[in-house]
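Participant: Please find one structure pasted underneath; my questions will follow.
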Amino acid sequence: MKTFVLDTNVLLHDPDSVFSFKDNKVVIPMTVIEELDSFKKLNDERGRSARLISRTLDELRTKGKLSEGVKVKSGGIVKIEMNHHDVDLPKDFSGQKADNQILSIALGLKLKNEKVIFITKDINLRIKAEILDIQTQDYEKSKVKIDELYAGWKEVKVSSEKIDKFYKDGKLSLKQEFYPNEFISLKDEAGSSKSALTKFSKKDNALTPIFHQNSLPWGLKPLNVEQKFAVELLLCNDINLVTLIGLPGAGKTILALACGLQKTVEERYFRKLYIARPIIPMGRDIGFLPGTKEEKLGAWMGAINDNLEFLMDRGHPDSKTEEKIDYLFTSGQIEVDSLTYIRGRSLPQQYIIIDDAQNLTPHEVKTIISRAGNGTKIVLTGDPYQIDNPYLDASSNGLTYLVERFKGQSLFGHITFSKSERSNLAALSSELL
């Protein structure tokens, strides 16, 4: 049996993590309990996670003494361990710091010949554990292999005759396996200019034409193949969940907004366009900022406002752009909010855009998706390589986790962008910097 010592940030990241280590022993240091106590009063995701794990431990307490270890369904044991004041850490490790008290417990258990593995999402703490010769790992349950992440589309070379058959029959079956709503760019294997843009239909078990290939949502023209694929996903009524991942300037946010406006304001298929972004750190209370709720959110929603102004000016530039945008808000057709306030809401028949979703944990993404009511479409955009959350990376954030878990579902579609269209300078910076 192995002994997994959990850091506070692991429990805040995933409140169910105590049940994720099968038939091994899970140790929660007393220092972690004290740190959770300081988080539980916060009115954000960290506070909710702290309260949830406290309730979980309280329920386990009724089944036995946590100080001695309580057996759980997986066959493992959950135990709360008191601080090991008898363990001498090197002089450079101050005994007063909470991190070092947690390390002292891991070291103390190791000295008792237990097979200790210290689990923390804090990189520096993993380094300190390594110095003490304590085996240490990141929390791996929700991690994905970012280099192997599903791209949502691929290029396939076929014979010229098969491309002709696709255009003649309106569909094409290949022996290769594809995911539902995966896009396939057919190219002539002989090198001619013949090509076709297709989407795999699980219903037909074949490649089918892109229905919205020539669409101009809110007057916006897709500038490359990836953007055409994204527009198809964003406008299809039978695809309820869309993820758009890519480098800055790829068009993720503006395409989502243009298609959201098209479906909500122009076609009136959805009742409202709901736009939200995480306040980093996620859920940080913005009530201390001056002004109304909208004024407080203004600083965080600058990117959204910039794109709205661009879309409103497009084709009809005039001095009334702000009036047009204000009307969309006052009429209730657009609502902008912080993700702090989404918990507990039910959002039916809405087009929801979650921007900068790479800063969300898998648990937070689950909370958001569960808010969707009947007829709601959710679009999450982000760049896994631009993360501000100190305990997340490209492999462990909620956006990439969502892509990995939902690929293969008929109501889901995804596109990974590889080309920036913002400007030559922006494209060059993404390549060189």
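Participant: Could you say whether any residue in region 388-406 is within 18 Å of Asp238 (Cβ to Cβ) and either touching a residue at least 40 places away in the same chain (Cβ under 8 Å) or among the basic types (Lys, Arg) (or both)?
Facilitator: Restricting attention to region 388-406, the residues satisfying the condition of being within 18 Å of Asp238 (Cβ to Cβ) are 406.
Then drop every residue that is not either touching a residue at least 40 places away in the same chain (Cβ under 8 Å) or among the basic types (Lys, Arg) (or both), which leaves 406.
Within region 388-406, one or more residues are within 18 Å of Asp238 (Cβ to Cβ) and either touching a residue at least 40 places away in the same chain (Cβ under 8 Å) or among the basic types (Lys, Arg) (or both).
Participant: Something else: Kindly indicate whether Lys202 is farther than 22 Å from Gly246 by Cα, out of contact with any Lys or Arg (no Cβ under 7 Å at 6 or more places or on another chain) and in contact (Cβ under 8 Å) with a residue 40 or more places away in the chain. Break it down stepwise before answering.
Facilitator: Numbers: farther than 22 Å from Gly246 by Cα: yes; out of contact with any Lys or Arg (no Cβ under 7 Å at 6 or more places or on another chain): yes; in contact (Cβ under 8 Å) with a residue 40 or more places away in the chain: yes.
The answer is yes for Lys202.
Participant: Just one of Pro290, Pro278 is more than 20 Å from Glu364 (Cα to Cα), modelled with pLDDT under 95 and either open to solvent by 10 Å² or more (accessible area, probe 1.4 Å) or not polar (S, T, N, Q) (or both); which is it? Can you show your working first?
Facilitator: Working: Pro278 fails: more than 20 Å from Glu364 (Cα to Cα).
Of Pro290, Pro278, the one residue that is more than 20 Å from Glu364 (Cα to Cα), modelled with pLDDT under 95 and either open to solvent by 10 Å² or more (accessible area, probe 1.4 Å) or not polar (S, T, N, Q) (or both) is Pro290.
Participant: Could you tell me how many of the residues in region 252-268 are in a loop (DSSP other than H, G, I, E, B) and either open to solvent by less than 10 Å² (accessible area, probe 1.4 Å) or closer than 20 Å to Val336 by Cβ (or both)?
Facilitator: Initial filter on region 252-268 (in a loop (DSSP other than H, G, I, E, B)): 267-268.
Retained after the next criterion (residues that are either open to solvent by less than 10 Å² (accessible area, probe 1.4 Å) or closer than 20 Å to Val336 by Cβ (or both)): 268.
So the answer is 1.
Participant: Is there any pair with a first residue in region 139-160 that is part of a strand (DSSP E or B) and a second that is surrounded by fewer than 17 Cβ atoms within 10 Å (Cβ to Cβ) and of a type in the set (A, V, I, L, M, F, W, C) whose Cβ atoms are under 6 Å apart and which are 6 or more apart or on different chains, and what are they?
Facilitator: Pairs that qualify, where the first residue is part of a strand (DSSP E or B) and the partner is surrounded by fewer than 17 Cβ atoms within 10 Å (Cβ to Cβ) and of a type in the set (A, V, I, L, M, F, W, C): there are none.
Participant: Then there's this: So, Lys121, is that one over 30 Å from Phe211 (Cα atoms) and either basic (Lys, Arg) or at pLDDT 95 or above (or both) or not? Even if it seems obvious, please write down each step before you answer.
Facilitator: Details: over 30 Å from Phe211 (Cα atoms): yes; either basic (Lys, Arg) or at pLDDT 95 or above (or both): yes.
Answer is yes for this residue.
Participant: Something else: When you look at Asn374, is it without any contact (Cβ under 8 Å) to a residue 24 or more places away in the chain, open to solvent by 60 Å² or more (accessible area, probe 1.4 Å) and not aromatic (Phe, Trp, Tyr), yes or no? Break it down stepwise before answering.
Facilitator: On the way: without any contact (Cβ under 8 Å) to a residue 24 or more places away in the chain: no; open to solvent by 60 Å² or more (accessible area, probe 1.4 Å): yes; not aromatic (Phe, Trp, Tyr): yes.
Considered against the rule, which asks whether it is without any contact (Cβ under 8 Å) to a residue 24 or more places away in the chain, open to solvent by 60 Å² or more (accessible area, probe 1.4 Å) and not aromatic (Phe, Trp, Tyr), Asn374 comes out as no.
Participant: May I ask you to list the residues in region 178-231 that are in a loop (DSSP other than H, G, I, E, B), in contact with a Phe, Trp or Tyr (Cβ under 9 Å, 6 or more places away or on another chain) and farther than 29 Å from Glu266 by Cα?
Facilitator: Of everything in region 178-231, those that are in a loop (DSSP other than H, G, I, E, B), in contact with a Phe, Trp or Tyr (Cβ under 9 Å, 6 or more places away or on another chain) and farther than 29 Å from Glu266 by Cα turn out to be Phe178, Tyr179, Lys202.
Participant: Name every residue in region 237-251 that is of a type outside the set (A, V, I, L, M) and either open to solvent by 10 Å² or more (accessible area, probe 1.4 Å) or over 18 Å from Phe183 (Cα atoms) (or both), in order of residue number. Spell out how you get there, then give the answer.
Facilitator: Step one: list which residues in region 237-251 are of a type outside the set (A, V, I, L, M), which gives 237-238, 240, 243, 246, 248-249, 251.
Result: Asn237, Asp238, Asn240, Pro248, Gly249, Gly251.
Participant: Considering only region 165-186, state which residues are exposed (fewer than 14 other Cβ atoms within 10 Å of the Cβ) and without any contact (Cβ under 8 Å) to a residue 24 or more places away in the chain.
Facilitator: Lys168, Asp169, Lys175, Gln176, Glu177
Participant: Follow-up question, since we're still on this one. Could you list, ordered by first residue, the pairs with Cβ atoms under 9 Å in which the first is in region 1-26 and in a loop (DSSP other than H, G, I, E, B) and the second is aromatic (Phe, Trp, Tyr) and surrounded by fewer than 19 Cβ atoms within 10 Å (Cβ to Cβ), at least 6 apart or interchain?
Facilitator: none
Conditions tested, residue by residue: (1) in a helix (DSSP H, G or I); (2) surrounded by fewer than 18 Cβ atoms within 10 Å (Cβ to Cβ); (3) of a type in the set (Gly, Ala, Ser).
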site	(1), (2), (3)
Gly64	no, yes, yes
Glu68	no, yes, no
Ser74	no, yes, yes
Asp88	no, yes, no
Asn100	yes, no, no
Lys121	no, no, no
Ile127	yes, yes, no
Thr136	no, no, no
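Participant: Continuing with this model, one more query. Restrict the check to region 379-392 and report whether at least one residue is surrounded by fewer than 20 Cβ atoms within 10 Å (Cβ to Cβ), at pLDDT below 90 and under 16 Å from Ile275 (Cα atoms).
Facilitator: No: region 379-392 contains no residue that is surrounded by fewer than 20 Cβ atoms within 10 Å (Cβ to Cβ), at pLDDT below 90 and under 16 Å from Ile275 (Cα atoms).
The values are calculated or read from the model by the stated rules, or taken from the named source; none is laboratory data. Values in this document were obtained by computation on a predicted structure and should not be read as measured data. In this analysis, Cβ positions are derived from the backbone assuming ideal geometry, glycine residues included, and neighbour counts consider all displayed protein chains. The area values use the complete protein model at the heavy-atom level, side chains included, leaving out ligands, DNA and RNA. Shrake-Rupley method; radii C 1.70, N 1.55, O 1.52, S 1.80 Å.
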